[in-house]
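The values are calculated or read from the model by the stated rules, or taken from the named source; none is laboratory data. This one's a predicted model, so the numbers in the text were calculated from it and none came from an experiment. No Cβ is skipped: glycine too gets one built from the backbone with ideal geometry, and neighbour counts run over all protein chains shown.
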């Protein structure tokens, strides 16, 4: 395989997973314009990719890999173009599937006065548009949302089960009173023995929320372990890290369970919130032309809907036009 093809395969991976830089995206566009074969290859890969990324996939699931492969073979049979081209990229597509769930290890060396200890970490990461169901080494289950990642010591070695979270995840923790389950997220530490809870802690959001459905959890600020809050079922702790304030309130469990069930739930959401949710859910970039509405309040639930269907639904009551160009969406008022 030539260096040139190796490079374009890597760039295709980055474009489809939303991790390509502007220069890399431009390079793929230039490659696609070179001839009809390249253009159709990119188009077909995006179609298959979007179909697969609308629902949860389970990390390391061989069934999902087989399904992607079979879908590609079916498309290949129905198109002369694919007879000569698709198989060249089928292997890349399988690689993309693996990269898209971003399941990998890295090694960190911990040194102290007496010895050197090698720790192997597992990192699982979802780019925009991808949601995964993960099984952790202790039997706990995590539903990891779009634009989110978790990191933990391989095999949960040691006296605790510690997970570092960026973004949003729904945790169903396997009970083990002798080995507490701990989640670190944006300066907060959430401790549980066996419980079900959701943490939403995106890096660019001022508000972090911890919602408890079953059991109980103890929440602390990093560096202030002596100050803790005990959260009971049906309660949500909202923490504003910019001014270090918190508020404990009841919450709608349907909003939290929606992540696990693959539902996009909007409740009294303003325009910016709706657009942000759509960008994360579908892995797209939305540009707005004209004056953004200030009176948007949307309450609805979507499951298994395409982005086009959702935009059409919103268009009926919110009066705007839209244009979809691959992962670039333009909304005009």
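Remark: pairs (first residue in region 281-308, assigned by TED's automatic domain parsing to the domain that holds residue 202 and more than 20 Å from residue 323 (Cα to Cα); second residue surrounded by 14 or more Cβ atoms within 10 Å (Cβ to Cβ) and at pLDDT 90 or above; Cβ separation under 8 Å; 6+ apart in sequence or on different chains) are absent. Limited to region 212-223, what total is found for residues that are assigned to a strand (DSSP E or B), under 21 Å from residue 260 (Cα atoms) and either in contact (Cβ under 8 Å) with a residue 24 or more places away in the chain or not assigned by TED's automatic domain parsing to the domain that holds residue 236 (or both)? Matching residues across region 212-223 total 3.
For (1) surrounded by 14 or more Cβ atoms within 10 Å (Cβ to Cβ); (2) in contact with a helix residue (DSSP H, G or I) (Cβ under 8 Å, 6 or more places away or on another chain); (3) over 30 Å from residue 286 (Cβ atoms); (4) in the same structural domain as residue 302 (by TED's automatic domain parsing), each residue gets a yes or a no:
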{"residue": "173", "(1), (2), (3), (4)": "yes, no, yes, no"}
{"residue": "176", "(1), (2), (3), (4)": "yes, no, yes, no"}
{"residue": "186", "(1), (2), (3), (4)": "yes, no, no, no"}
{"residue": "195", "(1), (2), (3), (4)": "yes, no, yes, no"}
{"residue": "209", "(1), (2), (3), (4)": "yes, no, no, no"}
{"residue": "227", "(1), (2), (3), (4)": "no, no, yes, no"}
{"residue": "238", "(1), (2), (3), (4)": "yes, no, no, no"}
{"residue": "270", "(1), (2), (3), (4)": "yes, no, no, yes"}
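Restricting attention to region 234-266, the residues that are in a loop (DSSP other than H, G, I, E, B) and within 20 Å of residue 278 (Cβ to Cβ) total 1. Entry remark, region 170-211: residues being under 19 Å from residue 148 (Cβ atoms) and assigned to a strand (DSSP E or B) number 23 in total.
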